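The structure appears below as structure tokens.
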């Protein structure tokens, strides 16, 4: 394995409200940016974009917005608004270009959302309905509230072009864990949706331990995999339980995060993993082709995610480690299961969790023309810019005229020469980081930020 670089992120330099984390990275790690949003109890839960070296490129607390923060299939950022119960679609200038609501009287769920390249949207909703459970099980409530799920595909005008309802296909008795005599029964809990290689839908239903494939036009169930209604034989593996994040890899190959809430029945203890399978639709078998358990035997009983990266590595998010008193652990492994990148949030504190619902890497960042400073007193002030105080330049700050001549910004923000070299030289002062406005290193920017080991930060403007 390549030499490891251990970085303790000095997040307070960027913003005092940033969650802290530790980072391990290597040359084998994907260079794409990491998109995460801490979730759970307490404040300090911004959406974040972090580069491979641990530099926070973007962070903003969106309040009740930001769940499932990611770059979607239409190359736009999408996230859920838990106050208005809708999905926001955001462009590279951080403009909301669309807000998407469920139709036909339903309310969108916050777990997953697809924004397709053709302008369509795919979402799902939880549908709570009164149900006479006394007619289903002894002791059942005649007025029980039972959860169904509704899938909708909308066109670019938000018109429903496909709707699927679980009531026509699932039975409440398919759930083998829930108390069916309870007054409220969440027996499905769909948490992910994807489009398979042939264009049909895949959904993950946590409380059924099931992945279901649904015909995209007729709505017929093509197959059910896992849970009490499983149609496939696991030939070299134990069944996944309470899974998240189903991903189609093509050619009947699938990747998911197995939370493993009932894995103790097979492993002696509950343990989570990322796992890949290949389905044989003739013999109706499910063959495990790869899996990854963390060396610390991590168990995440809820949330969590997995992503196959273009370089062949896999990003695995052990999103809820509260029972181990650890923050979320986001691990990238190569095909040999060697850890090549790992970010761990600081442990949870009293009343403040450190969980991450989903973690993904994308080759995406905001248009560089809007990255800068919103402080009205700064030389690089612009109302359209993404606020980042680290990149603000003020009168009196250092500017670079040539590689050996430095100056200062005057009251008009002009870079002028001075009679003295205002860059103090010290044999004890060493440069730690140098990067441009969007956090990239090894570039030749006009404005660059330098951080030294004595805690000083210098902003230099290059005039050619």
Conditions: (1) at pLDDT 95 or above; (2) farther than 25 Å from residue 300 by Cβ; (3) in contact with a strand residue (DSSP E or B) (Cβ under 6 Å, 6 or more places away or on another chain). Residue 69 meets all but one. Number of the miss? (2)
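Matching residues to (1) in contact with a strand residue (DSSP E or B) (Cβ under 8 Å, 6 or more places away or on another chain); (2) farther than 27 Å from residue 301 by Cα:
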position	(1), (2)
163	yes, yes
166	yes, no
182	yes, no
192	yes, no
206	yes, no
230	yes, no
238	no, no
For the range 216-225, does any single residue satisfy the condition of being at pLDDT 95 or above, farther than 26 Å from residue 186 by Cβ, part of a strand (DSSP E or B) and assigned by TED's automatic domain parsing to the domain that holds residue 124? no
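To keep it simple, each residue is scored yes or no on (1) assigned to a loop (DSSP other than H, G, I, E, B); (2) over 37 Å from the mean Cα position of the chain (by Cα); (3) in the same structural domain as residue 94 (by TED's automatic domain parsing); (4) modelled with pLDDT of 80 or more.
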residue: 393; (1), (2), (3), (4): yes, no, no, yes
residue: 396; (1), (2), (3), (4): yes, yes, no, yes
residue: 399; (1), (2), (3), (4): no, yes, no, no
residue: 404; (1), (2), (3), (4): yes, yes, no, no
residue: 413; (1), (2), (3), (4): yes, yes, no, yes
residue: 416; (1), (2), (3), (4): no, yes, no, yes
residue: 419; (1), (2), (3), (4): yes, yes, no, no
Give me the residue from the range 371-388 that is in a strand (DSSP E or B) and surrounded by fewer than 20 Cβ atoms within 10 Å (Cβ to Cβ) and, out of that set, modelled with the lowest pLDDT. 387
Hits in the range 148-159 (condition: part of a strand (DSSP E or B) and farther than 22 Å from residue 220 by Cβ): none
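Conditions tested, residue by residue: (1) without any contact (Cβ under 8 Å) to a residue 12 or more places away in the chain; (2) crowded, with 22+ Cβ neighbours inside 10 Å; (3) outside the structural domain of residue 339 (by TED's automatic domain parsing); (4) under 16 Å from the mean Cα position of the chain (by Cα).
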residue: 24; (1), (2), (3), (4): no, no, no, no
residue: 33; (1), (2), (3), (4): no, yes, no, yes
residue: 42; (1), (2), (3), (4): no, no, no, no
residue: 49; (1), (2), (3), (4): no, yes, no, yes
residue: 59; (1), (2), (3), (4): no, no, no, yes
residue: 81; (1), (2), (3), (4): no, no, no, yes
In this structure, is residue 305 in contact (Cβ under 8 Å) with a residue 24 or more places away in the chain and either buried (at least 21 other Cβ atoms within 10 Å of the Cβ) or within 19 Å of the chain's Cα centre (by Cα) (or both)? yes
Can you find a residue that is surrounded by 22 or more Cβ atoms within 10 Å (Cβ to Cβ), over 17 Å from residue 69 (Cα atoms) and either within 19 Å of the chain's Cα centre (by Cα) or free of Cβ contacts under 8 Å to residues at least 60 places away in the same chain (or both) anywhere in the range 350-370? no
Condition first: assigned by TED's automatic domain parsing to the domain that holds residue 228, surrounded by 15 or more Cβ atoms within 10 Å (Cβ to Cβ) and over 29 Å from residue 279 (Cβ atoms). Can you find one or more residues in the range 183-204 that meet it? yes
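Between 425, 336, 408, which is assigned to a loop (DSSP other than H, G, I, E, B) and at pLDDT 70 or above?
Only one candidate qualifies: 336.
The values are calculated or read from the model by the stated rules, or taken from the named source; none is laboratory data. All values reported here derive from a predicted model rather than from experimental measurement. Cβ: placed from backbone, ideal geometry, glycine included. Neighbour counts: every protein chain shown.
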